[in-house]
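> Quick one: this structure, given as structure tokens, is what I'll be asking you about.
The values are calculated or read from the model by the stated rules, or taken from the named source; none is laboratory data. Owing to the predicted nature of the structure, the values given are computational and were not obtained by experimental measurement. As a convention, Cβ positions derive from the backbone with ideal geometry for all residues, glycine included, and neighbour counts pool all protein chains shown.
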Amino acid sequence: MEIFHISAECYPVAKVGGLADVVGALPKYQSNEGHNVRVVIPCYDTKFIKENEFECVHWGHVKLGQFNFPFSVLKEKKDILGFELYVIEILELFDRKEVYGYEDDIERFLSFQIATLDWIIGRRDTPDIINCHDHHTGLIPFMMLYVNKYERLKNTPTVMTIHSGLYQGVFGFDKLYYLPEFDLAHFTILEWGGAINSLAAGIKCAWFVTTVSPNYLNEINTSSNGLESLFKSVRNKSKGILNGIDIKVWNPNTDQFIPANYSVKDIEQGKNASKERLCALFELDPTKPLFSFIGRLLYEKGADLLPEALAMAMTENNKSINVLILGSGNKKIENELDDLLIDYKGNYNNFIGYNEELSHLIYAGSDFLLMPSRVEPCGLNQMYAFRYGTIPIVRRTGGLKDTVIDIGDNGNGICNDQATVEDICSSITRAILLYEDKRKLNALRKMGMDMDHSWSSVCKEYIEVYQLIIKKK
């Protein structure tokens, strides 16, 4: 089966969040199963692009209204990621360091989608499946069905995978002329809430819709930023498939980013070595329980609750805990987290930004991982934490509810129901009691490390979906 994954991100080429991890791992496992897998993303100005060798396999021009952008399709020569990687080079739009956040993002990702389809119809063979990821690729299923020049792709099955329903790629009808020519009788398919909605169009037109966890599929029927009724209407062509993690990248037994490798057999010694390294780097006391947060400092992640909750927890527990933050995002939250250094130096520290190597060390060296998310479609961090014997503290939402069960229910983590300061503090207090019970703590660590969150079984679920819609074809 020839499978195309089209995405805005792919680890390690360009990463902002979990989307990159999924698109960097799922195709590799599908390839291992004997499928011909190709990943297509924009060509950003990233370290990976600069350090690896690419060859041009196609070139052309994208027309966006009166604008005309030359593009090239570049293939990474050695397939070092375990699948064929293609990047769409549009120099005026994508030769930038950041993936998102520009005023012309609509133009950028629309041109990317058009260039990708132009290349695909220029190939000799037609893919068996095109799997689109999030709103940045949401117009592809629409264009395959209704744009005149892509008519050859009308019967090619498409899957729309939703990693987050909050971001939808909305823009006004004044930019409708950016799209290649199509019968305007179909323009209402693009419309949702009085505007062109890329994600809504993808959901309507895709042959099948997947979300990144079963519970998130339930949640978006009642909370999806205005798309609730649409998700309900396509439930018969939808499935929640829990993400996996790349167990080769996230493996404490071989991880080169930690000072001492370890397995279930020597977990305590291995984690202590990483904890001591972490505490030395950030001037913390390795004898105290270490609570960490890794991720984007955004409202959706509950990060706005952290400054007050952490201050309260450190004060109420007489500074008997350590806290370490790794992340960036909202500047107000970043500043409030920096302010904690004034009163809690020695118990608290942070790294504002992102550092892949440091994240591995934090997963290995922490005792507990905080995930107070308001929205978490799947969540990978809790799976990384389990892999390294770190206990996740989560709010029951999305994929966190699917993967973390409270210790009060003979589970593997600590859970709370509300995204509040009080719930975070209460969970930290419970974690301190658990930390003091070394026997129970180590049993939970081993339970987490023994869990299978690999992509192997997940990969099979995706293939089953593909085969189902190919049969319908």
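> With respect to the numbered conditions (1) among the β-branched types (Val, Ile, Thr); (2) touching a strand residue (DSSP E or B) at 6+ places or on another chain (Cβ under 6 Å); (3) in a loop (DSSP other than H, G, I, E, B), which one is the sole condition not fulfilled by ILE88?
Single failed check for ILE88: (3).
> Kindly check whether there is at least one residue in the stretch 265-287 that is buried (at least 22 other Cβ atoms within 10 Å of the Cβ), outside the structural domain of TYR29 (by TED's automatic domain parsing), under 17 Å from SER359 (Cβ atoms) and polar (S, T, N, Q).
Yes, because at least one residue in the stretch 265-287 is buried (at least 22 other Cβ atoms within 10 Å of the Cβ), outside the structural domain of TYR29 (by TED's automatic domain parsing), under 17 Å from SER359 (Cβ atoms) and polar (S, T, N, Q).
> Pick from ILE321, ILE333, ILE325: which is in contact with a Ser or Thr (Cβ under 8 Å, 6 or more places away or on another chain) and buried (at least 16 other Cβ atoms within 10 Å of the Cβ)? Quick ask: steps written out before the conclusion?
Details: ILE321 fails: in contact with a Ser or Thr (Cβ under 8 Å, 6 or more places away or on another chain); ILE333 fails: in contact with a Ser or Thr (Cβ under 8 Å, 6 or more places away or on another chain).
Among ILE321, ILE333, ILE325, only ILE325 is in contact with a Ser or Thr (Cβ under 8 Å, 6 or more places away or on another chain) and buried (at least 16 other Cβ atoms within 10 Å of the Cβ).
> Taking the criterion of being within 26 Å of GLY165 (Cα to Cα) and assigned by TED's automatic domain parsing to the domain that holds TYR435, would at least one residue in the stretch 333-352 satisfy it? Even if it seems obvious, please write down each step before you answer.
Quick first cut of the stretch 333-352, residues within 26 Å of GLY165 (Cα to Cα) only: 333-334.
Narrowing the set further to residues that are assigned by TED's automatic domain parsing to the domain that holds TYR435 leaves 333-334.
Yes - at least one qualifying residue is present in the stretch 333-352.
> Here's something else I'd like to know. For the list (1) of a type in the set (Gly, Ala, Ser); (2) part of a loop (DSSP other than H, G, I, E, B); (3) touching a residue at least 24 places away in the same chain (Cβ under 8 Å); (4) closer than 23 Å to SER454 by Cα, I need the number of the one condition that SER320 fails.
So the condition that SER320 fails would be (4).
> Next question, about the same structure. Tally the residues that are over 22 Å from LEU380 (Cβ atoms) and touching a strand residue (DSSP E or B) at 6+ places or on another chain (Cβ under 8 Å), restricting the search to the stretch 212-227.
Residues in the stretch 212-227 being over 22 Å from LEU380 (Cβ atoms) and touching a strand residue (DSSP E or B) at 6+ places or on another chain (Cβ under 8 Å): 2 in total.
> Okay, moving on. Looking only at residues in the stretch 371-393 that are of a type in the set (A, V, I, L, M, F, W, C) and under 17 Å from the mean Cα position of the chain (by Cα), which one is farthest from ILE321 (Cα to Cα)?
CYS378
> While we're on this one: Look through ALA260, ALA309 and report the one residue that is free of Cβ contacts under 8 Å to residues at least 24 places away in the same chain and either under 23 Å from LEU434 (Cβ atoms) or over 24 Å from the mean Cα position of the chain (by Cα) (or both).
Working: ALA309 fails: free of Cβ contacts under 8 Å to residues at least 24 places away in the same chain.
ALA260 is the lone residue from the list that is free of Cβ contacts under 8 Å to residues at least 24 places away in the same chain and either under 23 Å from LEU434 (Cβ atoms) or over 24 Å from the mean Cα position of the chain (by Cα) (or both).
> Mind telling me which of the residues LEU230, LEU199 ends up being touching a strand residue (DSSP E or B) at 6+ places or on another chain (Cβ under 9 Å), without any contact (Cβ under 8 Å) to a residue 60 or more places away in the chain and either β-branched (Val, Ile, Thr) or buried (at least 17 other Cβ atoms within 10 Å of the Cβ) (or both)?
LEU230
> Would you mind telling me which numbered condition in (1) in a loop (DSSP other than H, G, I, E, B); (2) in contact with a Lys or Arg (Cβ under 9 Å, 6 or more places away or on another chain); (3) crowded, with 24+ Cβ neighbours inside 10 Å CYS378 fails?
(2)
Yes/no per residue for (1) modelled with pLDDT of 95 or more; (2) assigned to a helix (DSSP H, G or I); (3) at positive phi; (4) in the same structural domain as GLU151 (by TED's automatic domain parsing):
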{"residue": "GLN168", "(1), (2), (3), (4)": "yes, no, no, yes"}
{"residue": "ILE189", "(1), (2), (3), (4)": "yes, yes, no, yes"}
{"residue": "ILE196", "(1), (2), (3), (4)": "yes, no, no, yes"}
{"residue": "THR222", "(1), (2), (3), (4)": "no, no, no, yes"}
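> Test each condition in (1) over 25 Å from GLN66 (Cα atoms); (2) part of a helix (DSSP H, G or I) for ASN155 and report the one that comes out false.
(2)
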